[in-house]
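Peer 1: Shown below is the structure under consideration.
What follows is calculated from the coordinates using simple rules that are stated; it is not laboratory data. Every value quoted in this text rests on a predicted model; they were computed, and no experiment measured them. Neighbour counts run over all protein chains shown; Cβ positions are idealised from the backbone, glycine included.
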Amino acid sequence: MPFSIVLGDITQQAVDAIVNAANPTLLGGGGVDGCIHRAAGPELLAECRTLGGCRTGEAKLTKGYRLPANYVIHTVGPIWQGGGQGERQLLESCYRNALELAIGHNLESVAFPLISAGVYGYPKGEALKIAVSTIGGVLERFDLDVRLVLYRKEDFVPDRALTEGIERYLQRKEDFACAAYSVRMPRAAFCVPPDLNEIEKRIGKSFSEYLLAKIDEKGLSDVECYRRANVDRKLFSKIRSNPDYHPQKNTALAFAVALRLNYGETQELLRTAGYTLSDSSKSDLIVGYFIERGEFDIYRINEALFGFDQKLLGQA
Ligand code: APR
């Protein structure tokens, strides 16, 4: 999956490169810096000594030594001073420069910690938003696997307004379902009416055939579509070349988001793969929340899904 948020220890990530939230000396420290140096062994420090330090916002590459990762990309995040000292731009530079270094070395997978969100005091919610938006911006232009590794769930501080909006929506849906149950109304009465035109387009088509037809109808290129769906090129090629390809539900839904389908079109795309959006699935309700609002930023949707402990959209 080109971009994912995971809980874990970055020193255990088997990727081409892990990113270290270092300090300008590059001579180790506490936090994730300390974890990485302990796991990599003394050879890492010896190589870091040859680098002559690193300026805030910049990035330098070393080998990974005893780490499962082949390389370590050291970057220095800004110390939070209230937000008026260019902290945002410097933090964005950390992610951008680290990824440019990875791309320049033909690396295919990178794992980041939440830079500056620990000792350097960057507000975690803002640090998360900057990480997701900066990484997402690079992934619109390059094929790369990037994971944001959060050490503890409390490091994840989602957008409160978004979370509260979703919680209200889930509550309304639940109240609605209870009301329907109490007056014994068929659930179908509360579903969005099927789009007959879409049904006609879907009949007799496989998931792959219907998807490719929708990509043409929406005027998207293949690359635009799979990158917006948080799916990598290899998987998309498989879908394109195999009319009988059967996707996981989170992948089918990811393409509905990428194509900016409305609720009815989304149901039809899902039906070609034998799925349907269900009001009894929290994950489906959360995606439905975004579709009903016409919000199709898959990284923001995945941030919300992660916050509600649901499977992310994109690759299986
Ligand atoms: N794996 C993933 N994330 C981790 C790990 C780990 N093993 N250990 C800590 N983290 C998380 C923290 O919970 C925090 O969310 O990394 C994020 C960044 O925290 P810090 O490591 O404190 O980094 P930062 O805030 O950028 O401060 C850098 O701290 O360790 C020193 O030498 C470092 O001076 C530099 C400063």
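Peer 1: Which of Phe176, Leu99, Leu128 sits closest to the plus end of the dipole of the range 59-187, meaning its Cα is farthest towards the positive end, when Lys and Arg get +1 and Asp and Glu get -1 on the C-beta?
Peer 2: Among Phe176, Leu99, Leu128, the one farthest towards the positive end of the dipole of the range 59-187 is Phe176.
Peer 1: Among Val257, Phe3, Gln267, whose Cα projects farthest towards the positive end of the dipole of the chain, with charges put on the beta-carbon of Lys, Arg (+1) and Asp, Glu (-1)?
Peer 2: Phe3
Peer 1: Peptides 205-214, 38-47: what's the order by average Cβ count within 10 Å, highest mean first?
Peer 2: The most tightly packed comes first, giving 205-214, 38-47.
Peer 1: Within the set of other residues whose C-beta is less than 11 Å from the C-beta of Ser93, count the net charge using Lys and Arg as +1 and Asp and Glu as -1.
Peer 2: Cβ neighbours under 11 Å give a net charge of -1.
Peer 1: If R0 is 22 Å, what FRET efficiency do you get for Ser221 and Arg141 from their C-beta distance, rounded to 0.05?
Peer 2: After rounding to 0.05, the efficiency reads 0.95.
Peer 1: Another question about this same structure. What's the magnitude of the charge dipole for the range 186-316 around its Cα centre, counting Lys and Arg as +1 and Asp and Glu as -1 at the beta-carbon? Answer in Debye, nearest 20.
Peer 2: My answer is approximately 300 debye.
Peer 1: Follow-up. Could you tell me what fraction of 2.2 N^0.38 Å the Cα radius of gyration of the range 75-139 comes to, as a two-decimal ratio?
Peer 2: My calculation over the Cα atoms of the range 75-139 gives 1.09.
Peer 1: Quick check on packing: order 284-291, 166-173 by the mean number of other C-beta atoms within 10 Å, highest mean leading.
Peer 2: Ranked from most to least packed, the peptides come out as 284-291, 166-173.
Peer 1: What ranking do 62-68, 158-164 get when scored by the average of other Cβ atoms within 10 Å per residue, highest first?
Peer 2: 62-68, 158-164
Peer 1: May I ask for the angle, rounded to the nearest 10°, between helix 282-292 and the longest principal axis of the chain, with both axes built from Cα atoms and the value confined to 0 to 90°?
Peer 2: 80
Peer 1: Same structure, new question: If you stretched the chain out fully between Asp159 and Gln248, how much longer would it get, using 0.36 nm times the residue separation minus the C-alpha to C-alpha distance?
Peer 2: Residue separation times 0.36 nm, minus the Cα-Cα distance, leaves 29.3 nm.
Peer 1: Also: Please find, in a Gaussian network model of the chain (springs between Cα atoms separated by less than 10 Å), the residue of Val157, Val110, Val76 whose mean-square fluctuation is greatest.
Peer 2: Highest fluctuation among the options: Val157.
Peer 1: Taking only DSSP H segments of four or more residues, each worth -39500 (n - 2.57), what value at 222 nm results for the chain once the sum is divided by all its residues, to the nearest 500 deg cm²/dmol?
Peer 2: Rounded to the nearest 500, it is -14500 deg cm²/dmol.
Peer 1: Here is a follow-up. With only Lys, Arg, Asp and Glu charged, each at its Cβ (+1 for the first two, -1 for the last two), find how big the charge dipole of the chain is about the Cα centre; round to the nearest 20 debye.
Peer 2: So the dipole magnitude of the chain works out to roughly 280 debye.
Peer 1: Given contacts defined as C-alpha pairs under 8 Å and at least six residues apart, what's the relative contact order of the chain, whole-number percent?
Peer 2: Relative contact order of the chain: 18 percent.
Peer 1: Now for a separate question. Just the number, please: percent antiparallel of the DSSP beta bridges in the chain, rounded to the nearest 5.
Peer 2: 25
Peer 1: Name the shape class, rounded, prolate or oblate, that the alpha-carbon gyration tensor gives for the range 1-155, where a ≥ b ≥ c are the square roots of its eigenvalues, rounded holds for a/c under 1.5, and otherwise prolate holds if a/b is larger than b/c and oblate otherwise.
Peer 2: Rounded is the answer for the range 1-155, as its axis ratio a/c remains below 1.5.
Peer 1: Cross-link partners among aspartates and glutamates for Lys129, C-alpha distance below 14 Å, same-chain residues fewer than 8 apart left out?
Peer 2: Straight-distance partners of Lys129: Glu87, Glu92, Asp155, Asp159, Asp297, Glu303.
Peer 1: Å³ per residue of the Cα convex hull, for the chain?
Peer 2: Expressed per residue, the convex hull around the Cα atoms of the chain is 134 Å³.
Peer 1: Same structure again: Need the list of lysines near Lys238 for cross-linking: C-alpha distance under 30 angstrom, and skip anything on the same chain fewer than eight residues off.
Peer 2: Lys201, Lys205, Lys214, Lys218, Lys249, Lys282, Lys311
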